[in-house]
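Nothing in this text is a laboratory measurement; each read-out follows from the coordinates by a stated rule. Quick caveat: nothing in here was measured; it's all calculated off a predicted structure. Don't worry about glycine lacking a Cβ; one is built from the backbone with ideal geometry, like all the others, and counts go over all protein chains shown.
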């Protein structure tokens with residue numbers, strides 16, 4: 001597995017989670033890849049697309065960059081590339097899946113990797129920290 005990060009500090013702990021290689025953005029991949037999970041979108045999604053193997057696939061699961069994605073399909077054809085991008089859409093209820101995750105958390109079998117914790121009244125600060133990528137991991141708000 002290859003992990004692509006936006007900054008060196010974002011690479012911390014990824015080898016322990018199974019990353020064999022860590023690159024600073026898909027533009028720095030040395031070869032082609034078959035599958036990509038992309039939650040950034042924009043320029044990064046386009047760079048990942050250009051590095052797909054034939055018949056490779058990207059699952060586009062987010063748009064954290066808030067940038068439009070522009071892909072030069074003429075360039076991909078000139079590389080004889082035949083990859084595809086699929087949007088990830090959730091159309092079913094989450095109840096059972098969330099209950100399973102909460103169970104794993106409560107038994108200590110899942111590490112939620114909390115990077116920020118604070119009271120509900122600081123929800124705006126938590127959101128700003130997450131959106132500006134100052135928090136690594138999840139933000140947890142505590143209720144009174």
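Quick check on region 2-87: take the gyration tensor over C-alpha atoms, sort the square-rooted eigenvalues as a ≥ b ≥ c, and tell me if it's rounded (a/c under 1.5), prolate or oblate. Could you put the intermediate results ahead of the total?
On the way: a/c = 1.97, a/b = 1.47, b/c = 1.34.
Here region 2-87 falls in the prolate category.
With r as the distance between the Cβ atoms of residue 12 and residue 131 and R0 = 22 Å, compute the FRET efficiency 1/(1 + (r/R0)^6) and round to 0.05. Show your work: numbers first, answer last.
On the way: r = 20 Å, r/R0 = 0.93.
Working from the Cβ atoms, E equals 0.60.
Of the listed peptides 22-32, 88-98, what is their order by residue-averaged count of other C-beta atoms within 10 Å, with the highest listed first? Intermediate values should be presented prior to the final figure.
Values: 22-32: 14.1, 88-98: 8.5.
Peptide ranking by packing, descending: 22-32, 88-98.
What is the distance, in nm, between label points placed 7 Å from the Cα along the Cα-to-Cβ direction at residue 75 and at residue 2?
For residue 75 paired with residue 2, the spin-label model returns 1.6 nm.
Taking only Cα atoms, what is the 0 to 90° angle, nearest 10, from helix 95-106's long axis to the longest principal axis of the chain?
Once rounded, the angle reads 70 degrees.
Give me the distance between the Cα centres of region 128-143 and region 73-126, rounded to whole Å.
14 Å
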